[in-house]
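Scroll down for the structure; my scribbles are underneath it.
The values are calculated or read from the model by the stated rules, or taken from the named source; none is laboratory data. None of these values were measured; they are calculated from a predicted model. For neighbour counting, all protein chains shown are included, and Cβ atoms are generated from backbone atoms with ideal geometry for every residue, glycine included.
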Amino acid sequence: MNHNHIKNLMNLGYLVDENILKLIENIDEDTFYKLVEGLKKENSFLITNELIKKILVRDVNVIKEFSSHKKFTVQDFVKGLNEKYNILQSILLKRVEFSDLISINKISSGNVSIIGFVKDKTENGDSLVVNLEDPTGIVQVLIAKPLGEKLALDDVVAVSGRMNNKILFADKIVYPDIPLRPVNYASENIKVAFLEDDKDCKTDYVFFKNKIKDNLKNKDYSIKNPCLVEISGILILVLTDFNPLEVLRKRCVNKENTDFIIEPIPDIIFTDKDLNTNYKGVTVVSLNKLIDLKTREVSNI
């Protein structure tokens, strides 16, 4: 659709970089009005891609970040476990297709499926003995080591198996995990770097472990790891000291006895691990890399 934006800008006395003619012509009327108002404040008559991003891209939006308890009581611990269980249970209920899913207090015998958190775990030969708990009770679960090797205390999982003599013999474990999703792209060519603390680079945004530098608007943001932020519709999770793939599968990271739930799901994870990959639509990017939010292309710095 031709909006005549270029013609209108020229009538206002502006010069437009030929590389962004199509970009400007395709923006909607409300965005064009915002652009014109921003141009008046910038006092610049040459419109470049960098100037458009500075005007149209919103401030960095911190969705949530880690916050530890200065005083951590038993009540805080119980409250945190209950909140974690309720959130992850609701996620599991959306993706688990067990027809025989019941609460622990209703288990009798035969094939059953339950959702609970790992209260404790011990080894018994080639198996793991796990006490799984939900708000209604506790059940002892026997799991083959290869099946349960990634289980950790306080993980919330769905387990299916056969109940016999008050023991659930597990044959399947399902983690909250993220669903497979289409890749989300920004509308602008916004470039973001993830660097060591003592480095910097001339790009739109620079993420450090504890700070974000917004070069478009000359702003700095202090952040606490982990931290989830939004830039131009793209959710970026800063996650250091943890395996990002394990965190995505379990949808939670525990730090200083405090749970950080991975919800909403990020589009990009910045990690200090030597890992660069894509997992179910999430791009995992390591230190000293640059990513274009429009193309999701990753390059070395």
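Here are some residues: 123, 133. Which one is loosely packed, with under 15 Cβ neighbours inside 10 Å and assigned to a strand (DSSP E or B)?
123
Within the range 244-260, track down each residue that is buried (at least 17 other Cβ atoms within 10 Å of the Cβ) and among the basic types (Lys, Arg).
249, 250, 251
Which condition breaks for residue 246 when tested against (1) farther than 26 Å from residue 89 by Cβ; (2) among the acidic types (Asp, Glu); (3) at pLDDT 95 or above?
Going through the list (1) farther than 26 Å from residue 89 by Cβ; (2) among the acidic types (Asp, Glu); (3) at pLDDT 95 or above, residue 246 breaks only (1).
Suppose we filter the range 53-92 for residues that are free of Cβ contacts under 8 Å to residues at least 60 places away in the same chain and more than 29 Å from residue 158 (Cβ to Cβ); how many remain?
Residues that pass the stated criteria total 4.
Can you name the strands (runs of 3 or more DSSP E) wholly within the range 184-268 that have at least 3 residues being more than 17 Å from the chain's Cα centre (by Cα), farther than 25 Å from residue 149 by Cβ and of a type outside the set (Gly, Ala, Ser)?
The strands (runs of 3 or more DSSP E) meeting that bar are 211-214, 219-222.
Which of the residues belonging to the range 269-278 are of a type in the set (A, V, I, L, M, F, W, C) and either more than 13 Å from residue 245 (Cα to Cα) or assigned to a strand (DSSP E or B) (or both)?
269, 270
Mind counting the residues in the range 224-238 that are buried (at least 18 other Cβ atoms within 10 Å of the Cβ) and closer than 18 Å to residue 293 by Cβ? Talk me through it step by step, then tell me what you get.
Initially, the range 224-238 is screened for residues buried (at least 18 other Cβ atoms within 10 Å of the Cβ), giving 225-229, 231-232, 234-238.
Okay, now just the ones that are also closer than 18 Å to residue 293 by Cβ, so 227-229, 231-232, 234-238.
Going through the range 224-238 one residue at a time, the tally reaches 10.
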